[in-house]
There are 2 protein chains.
Amino acid sequence: MPRVNDVLQHLDGDQKQAQKRLCDLLSIPSVSTDPTYSANLRKAAHWIADQLVEMGMNGVVHETAGHPVVMGQSDDIPDAPTVLYYGHYDVQPPDPIDAWTTPPFEPTIRNNAVYARGASDDKGQVCCILEAMRAWQQVHGKLPINVKIIIEGEEEIGSANLPAFIQEHKNELAADVVVISDTTMWDDSTVAITYGLRGLLYFDLKLHGPSRDLHSGMYGGILANPASLITRVLGKLLDDNNHITIAGFYDDVLALTDDERSRWVQLGFDQVQYLGDVGVNTPFGEAGFETLERKWVRPSCDVNGLYGGYMGQGAKTVIPSFAGAKVSFRLAANQDPQKIADQFHAWINSHDVGGCRWEITEHGRANPVIVPIDSPHLAAASCAIEKASGKPPVLVREGATIPIVTDFKSILGIDSLLVGFGLVDDCIHSPNEKFNLDCFRLGCRSHAVMLQQFA
Amino acid sequence: MPRVNDVLQHLDGDQKQAQKRLCDLLSIPSVSTDPTYSANLRKAAHWIADQLVEMGMNGVVHETAGHPVVMGQSDDIPDAPTVLYYGHYDVQPPDPIDAWTTPPFEPTIRNNAVYARGASDDKGQVCCILEAMRAWQQVHGKLPINVKIIIEGEEEIGSANLPAFIQEHKNELAADVVVISDTTMWDDSTVAITYGLRGLLYFDLKLHGPSRDLHSGMYGGILANPASLITRVLGKLLDDNNHITIAGFYDDVLALTDDERSRWVQLGFDQVQYLGDVGVNTPFGEAGFETLERKWVRPSCDVNGLYGGYMGQGAKTVIPSFAGAKVSFRLAANQDPQKIADQFHAWINSHDVGGCRWEITEHGRANPVIVPIDSPHLAAASCAIEKASGKPPVLVREGATIPIVTDFKSILGIDSLLVGFGLVDDCIHSPNEKFNLDCFRLGCRSHAVMLQQFA
């Protein structure tokens, strides 16, 4: 097994240069959702490809129907395992700009962190991977395993073009495991390996009533008001125990295992602080479950938005011609989005809406994910993280969704290993996003040791 | 009794000039809600005062904390009855401007109607009164009764300054009855006298939850989502029979009398057409009542607007920090807005909202109104309308609200007589508002004969 200590030493000595490279990437405003930034997305893609070439890999920018995908591959080492690394170079919009202490695309180091849009999500984490590879290359002239890398530019807008791209490049992307670095640590000294993600199903529901907005004096009480009726229907989505009332909804939900339950107790999750940080004093959710189980294991249903009728200041006595809601489900392991979608449509249509008409649009779905926790890759990663951080990682699940994990499984037939170095307070998607320099260093070191351990 | 036939003949001969005067008033953009129009409100007030002076009355523009009030009074005729006329010179905003066939403040005559903002609501109806008085003055040199007139400039924004003004000018405004011309005819050949109005109670309800918008993956299912909970609470406002569920809500509601019921059958109300005109095929409302009873006699409750969370195109997986709704009640005769407001607050607070916090703002209330249908003034008006239109008027109620009626009753101690000449399809508050020239003529004639009949 090639020696990793020299690599770690090199990384430590090279930190200032590594930070400079990260800041170079962060200064490219690669906001994927806004077409006016397109040239910057291409620029970011080429910046990454150039890095790959510089460290002796073939880095190629592939055009897609949307923003480009960067792919890279190291020189072939026969009989060595192959690991595919995934990340994304696109970022969320920086709005509201005024709330930033320093400009979002002028990376600034203060408080031992680099502040910029994308610092933690996901450019900083992508750079951890690149720096680890660069260090191996510089110290040993080669990587210890076969490395493939795919960095996309549409993660923040739903990765619409990626599944087809993976399908098309199925052979080039063949690997033993995918490593994804786009999650957070458990706390600022403990790395987390995420082995479970909830799925997602998101709808826009619009209820159409009269042909135009009406005066509530002339029409109040004599016809179906879509704003009133949408509250009546959606108000029944959860019962008073916060159980979702859709028939069959929980049929496929897997129970928490005793093993998981006892492991989670060790985590010492502090719900008072977790909720208190967002101004919430009262835990609230499905009766019979604790907060961590509600968040990681149980499905949930949220109204994400409401609109319709008069939404301004003061009063307007209108019966609106339509009202709408955004409604989404977080799906538990083993729930099938298609089955839930069918059940939800049936549920919606089971209510009397007095002749009003539903317009239902689906805006995205993702399968829930559970990856095996007894795989050799996970064992190798754990070992590597303990060496790099001085502390074994914890195994966690996440309530959110990384849809591409399912695509890697279904198209390439491989599991993902989710190891991230962000912190919960990194303000991803918010103003003043940051990436702690200690996390950056730990990420670089951890990936360097993982490369060795995978070998 | 002074002869009215000469007056009617004069009115007919003077129609073109009367239309011209109406168009003069309509060309003043007196939009009360928008401060940039203030000078035009004053201009409209002075235009009316000038008309009053021109016809031998003292017309005075009184300043208020808001837009001015015009008052006028005819020369005193001892022992003659005194009638107070009320109307408003302010208009709704013309938006959306692009939807107008001709500009809203360039009155245009086509299809036997004058098109302009305020044509029917209420400048056209105010001009009917002014023209009737002018004709009496020109033919007989005086009015047959004591006339007082009050035309305000804040009706479209809630008449906030009018009650205090009436209180302050209580003695000058003393009269036997108020005549209000701001309602519609039953159909295009049948005048309606409105003897009942529903009351109003309007709230903005805002439910506050977490201190900021949250990611629904990280927080979905573990804390109270204000958008979900506001639907749960508001969804219970009406039960499946569309009865309002607030405890005690119906306690004071008066039942329809047999007399009213049998009179209303005669009206031949066509609910299929009334609902069909606004694209509604299914009558919907409180179980056990017909459409007309629901509209005129029964209280109602409507959600007038919903807002909060993500309201744009597509998807954002957010748990919003707040969600809100506009909720209003139309109150039945004998219901007390204060009592209902108290009941509603208690009802709202009876629901578990998982630690979220309500912010409840009241945006207006009005008492329901029933005026006696056996008064001599109503008899005189009926007689006059039959003479002017060739057809006796029908007695109707209205589902909407004219708050000032209650103030006239409580401050001046007098009932209102609601006789209007608009048509249901006049598009008041909408683009392409109009006032039919036949209605204008009928309004002038009816008011002329009413002046005689009140004598």
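Derivation of every value follows stated rules applied to the coordinates shown; laboratory data play no part. Everything numeric in this text was worked out from a predicted model, so none of it was measured. Every residue, glycine as well, gets a Cβ built from its backbone with ideal geometry; the counts of neighbours run over all protein chains shown.
Points to keep in mind about this one:
- For the listed peptides B:47-56, A:337-346, B:67-76, a ranking on the average number of other beta carbons within 10 Å per residue, highest first, reads B:67-76, B:47-56, A:337-346.
- Cα pair distances of the stretch B:254-295 binned at 5 Å [whole percent]: 5, 20, 28, 24, 15, 7, 1
- Whether the stretch A:1-142 is rounded, prolate or oblate, judged on the alpha carbon gyration tensor where a/c under 1.5 counts as rounded: oblate
- Modelled this way, with points 7 Å down the Cα-to-C-beta line, the labels at A:GLU63 and A:ASP336 are 4.0 nm from one another.
- Inter-centroid distance (Cα atoms) of the stretch A:120-150 relative to the stretch B:162-214, Å: 72
- Residue mean of other protein chain beta carbons inside 10 Å, B:282-292: 4
- Karplus (6.51, -1.76, 1.60) ³J(HN,Hα), θ = phi - 60°, over the stretch B:158-163, in Hz, Gly and Pro reported as x: x, 6, 4, 8, 6, x
- 3J(HN,Hα) from dihedral phi, the stretch B:203-212, Karplus parametrisation 6.51/-1.76/1.60, rounded to Hz, x for glycine, proline: 10, 9, 10, 10, 10, 9, x, x, 6, 8
- The percentage of C-alpha pairs in chain A whose separation is greater than 36 Å is 34%.
- C-alpha center-to-center spacing [the stretch B:217-278, the stretch A:274-305] in angstrom: 32
- Cβ crowding within 10 Å averaged over residues, with A:268-277, A:281-290, A:398-407 ranked highest first: A:398-407, A:281-290, A:268-277
- Under 19 Å of direct C-alpha separation, and excluding same-chain neighbours fewer than eight residues apart, B:LYS43 reaches these aspartates and glutamates: B:ASP24, B:ASP34, B:GLU54, B:GLU63, B:ASP90, B:GLU106, B:ASP121, B:ASP122, B:GLU152, B:GLU154, B:GLU155, B:GLU156.
- Scaled radius of gyration (Cα, divided by 2.2 N^0.38 Å) that the stretch A:118-158 gives: 1.39
- Helix B:376-389 vs. chain B, principal-axis angle (Cα, 0 to 90°, nearest 10): 70
- Axis-proximal residue, chain A, for the rotation superposing A on B (Cβ, Å): A:GLY235, 1
- Approximating the spin labels as points 7 Å out from Cα along Cα→Cβ, the A:VAL53-to-A:VAL265 distance works out to 5.7 nm.
- Rough spin-label spacing in nm, given labels placed 7 Å along Cα→Cβ, for A:ALA164 and B:SER430: 4.4
- Given R0 = 22 Å, the distance between the Cβ atoms of B:VAL272 and A:HIS215 translates into a calculated FRET efficiency of 0.65.
- Under 5 Å from the amide H of B:ALA113 lie the amide H atoms of B:LEU437, each residue being 5 or more positions distant or on a separate chain, with H modelled from the backbone and absent for Pro and chain starts.
- Residue by residue, the stretch A:178-191 carries 3J(HN,Hα) couplings of 9, 10, 10, 10, 8, 10, 10, 7, 6, 8, 6, 10, 10, 6 Hz when phi is fed to the Karplus relation 6.51 cos²θ - 1.76 cosθ + 1.60 (θ = phi - 60°); x denotes Gly or Pro.
- Amide hydrogen neighbours beyond the local backbone of A:GLY308, cut-off 5 Å, H modeled: A:GLY324, B:LEU306
- For the stretch A:388-404 and the stretch A:348-370, distance of Cα centres in Å: 32
- As a length-normalised measure over Cα pairs under 8 Å and 6 or more apart, the relative contact order of the stretch B:55-158 settles at 44 percent.
- Estimated at 0.36 nm per residue, the fully extended path between B:HIS351 and B:ASP258 surpasses their Cα-Cα distance by 29.6 nm.
- For the stretch A:328-395, the convex hull spanned by the alpha carbon atoms encloses 122 Å³ per residue.
- For a label point 7 Å along the Cα-to-beta-carbon line of A:ASP79, residues of the stretch A:109-148 with backbone N under 20 Å: A:142-147
- Cα-based Rg of the stretch A:213-284 normalised by 2.2 N^0.38 Å, two decimals: 1.87
- With the alpha-carbon atoms of the protein assembly as shown aligned to their principal axes, the span from lowest to highest coordinate is 120, 48, 45 Å, starting with the largest.
- Amide H contacts of A:SER32 (H built 1.01 Å from N, under 5 Å, at least 5 apart or other chain): A:VAL91
- Inter-copy separations for A:ASN171, label at 7 Å along Cα-Cβ, nm, ascending: 10.5
- Ratio of Rg to Rh for the stretch A:278-377: 1.07 [Cα atoms; Kirkwood radius as inverse mean 1/r over pairs].
- Bridgeable lysines around B:LYS387 (alpha carbons under 27 Å apart, same-chain partners fewer than 8 residues away excluded): B:LYS16, B:LYS20, B:LYS123, B:LYS142, B:LYS148, B:LYS434.
- For the stretch B:405-455, a simple Cβ point-charge model (Lys and Arg +1, Asp and Glu -1, everything else neutral) yields a dipole of about 180 debye relative to the Cα centre.
- Among beta bridges that DSSP assigns inside chain A, antiparallel share in %, nearest 5: 70
- Within the same chain, lysines fewer than 8 places from B:LYS339 are excluded, and of the rest, those with a Cα less than 23 Å from its Cα are A:LYS316, B:LYS206, B:LYS236, B:LYS295, B:LYS326, B:LYS409.
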